[in-house]
Structures are given as structure tokens and as C-alpha cells.
Amino acid sequence: MIISKKVEKALNEHLILEMAATYNYLSVASWCEVEGYEGSAKFFYKQSEEENTHFMKFFTYINEVGGHALVPALKKPKYSFKSIQEAVEMALAHEQKVTKAIYKIITLAKEEGDHATEDFLRFFVDEQKEEEVQFKRILDKIKLIGGGPQSLYYVDREFERLAAAATGGKKKKDKGEEN
Ligand code: FEO
């Protein structure tokens, strides 16, 4: 099966966004660690790993369907943040951008009669929905409880809980107990 040049180009362009997410979250994780937000650091390290698996799914798919996956050049990520809130806002904005980009490729795949790519992207539609909802919820909580030291302690614990839940979910997925 050979994908069209248009779809190949769109998928290659998308690699930039997935790798940028990997780098952005790695950078946020490092900043959190340095600032002493250990739970948040764990969460963003996990998010970074997950984005790297997304990148690899796109990368291997392009070659699998007869295209040529191209390793993208990236801009330097942001290294420090005014607050956790700023980092989460950046993450949510990036995920919204990724979702829009995926929807555009689905539209293109439909136009090209490319059912395989449409099918491949279905997983990412669900994944993006989960990620956007998750970041939005965290952001709402941060806004609700404010940025004082005790609030930050609570936010950090919340991130730690999410990181642990993500690990449990991944184990289930690996065992095939969950889709
Ligand atoms: Fe893989 Fe959340 O973008």
C-alpha cells in the first residue's frame, strides 16, 4: 500500500508537533525537578515518554505505508517557567494545536480515499481528547486553589497521583486489559 504524496507530507509535518511535545514536556519535567515539584516532574517525564511513543507510531507508520519518515528539526524548547500554571497552559495550548493538526490530516485522508491513514489516526483522536481534558482539569484546579505554597503542595500531590495512575493504566494496556 502506498500513501499519497500529500498524506506523506502531512504526516511528516506532524512529526514536528509530536517531537515538540516530547521536548516541551521533558523541559517542563526538568524545571519542575529543579524547583522541587517532584510529583509534577514525575508526571511530565511520563507525558514526555508518552509523546515519544506517539512520535514513533507516526514515524514507523509513514515507512510502513510506503513513505519516507524524515527526522524533523526542532526549535529549542522553553527552559523555565513563571509558574506551574504557565507550564500547564503551554501544554494545553500545544495539545489543542496537535488535535487540530490531526483533524486536518483526517480530512485530507478522507479526500484522498486513504482509509488506512484514517484508521491509523483514530487512536490519536481518543488520545488527544484524554490529554486535553486532563490538562484542562488540572488548569481549572490550579486556578481554583491559587498559587500559594500550600496550593502548590496540593497541585504537586495531584500530579503525583496522575503519574501513578498513568503507570497503572500503561501496565493494563501492555497486558491487553484496556484499550
Ligand atoms: Fe501526541 Fe499529545 O500529542
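Observations on the structure shown:
- Long-range neighbours under 7 Å by Cβ, at least six apart or interchain, first residue touching a residue at least 24 places away in the same chain (Cβ under 8 Å) within segment 30-50, second surrounded by 17 or more Cβ atoms within 10 Å (Cβ to Cβ) and assigned to a loop (DSSP other than H, G, I, E, B): TRP31/PHE81
- Output for segment 28-64, where each listed residue is of a type outside the set (A, V, I, L, M), buried (at least 19 other Cβ atoms within 10 Å of the Cβ) and within 15 Å of the ligand (Cβ to nearest atom): PHE43, PHE44, LYS46, GLN47, SER48, GLU51, HIS54, PHE55, PHE58, PHE59
- Sole exception among (1) at pLDDT below 95; (2) aliphatic (A, V, I, L, M); (3) farther than 21 Å from LYS110 by Cα for VAL28, by number: (1)
- Selection within segment 1-19: residues that are hydrophobic (A, V, I, L, M, F, W, C), over 13 Å from GLU112 (Cα atoms) and open to solvent by 20 Å² or more (accessible area, probe 1.4 Å). The member of this set that is modelled with the lowest pLDDT is MET1.
- Within the set VAL125, VAL133, the sole residue that is open to solvent by less than 100 Å² (accessible area, probe 1.4 Å), more than 29 Å from TYR37 (Cα to Cα) and either modelled with pLDDT of 90 or more or assigned to a helix (DSSP H, G or I) (or both) turns out to be VAL125.
- Only residues that are touching a Leu at 6+ places or on another chain (Cβ under 9 Å) and either within 11 Å of the ligand (Cβ to nearest atom) or charged (D, E, K, R) (or both) were counted across segment 92-108, and they come to 6.
- Index of the failed condition, GLU118 passing every other in (1) surrounded by 15 or more Cβ atoms within 10 Å (Cβ to Cβ); (2) on the phi > 0 side of the Ramachandran plot: (2)
- Failed condition for SER40, given (1) more than 24 Å from ALA163 (Cα to Cα); (2) touching a Phe, Trp or Tyr at 6+ places or on another chain (Cβ under 6 Å): (1)
- Check on THR107, hydroxyl-bearing (Ser, Thr, Tyr), touching a residue at least 24 places away in the same chain (Cβ under 8 Å) and open to solvent by less than 80 Å² (accessible area, probe 1.4 Å): no
- Lone qualifier among VAL88, VAL71 - being of a type in the set (A, V, I, L, M) and surrounded by fewer than 13 Cβ atoms within 10 Å (Cβ to Cβ): VAL71
- Condition check for LYS82: within 12 Å of the ligand (Cβ to nearest atom), open to solvent by 80 Å² or more (accessible area, probe 1.4 Å) and over 10 Å from the mean Cα position of the chain (by Cα): no
The values are calculated or read from the model by the stated rules, or taken from the named source; none is laboratory data. Since this is a predicted model, take the numbers as computed values, not measurements. Positions of Cβ are generated from backbone atoms using ideal geometry, with glycine treated the same way; all protein chains shown enter the neighbour counts. Please note that ligands, DNA and RNA were not included when accessible areas were found on the heavy atoms of the full protein model with its side chains. Shrake-Rupley method; radii C 1.70, N 1.55, O 1.52, S 1.80 Å.
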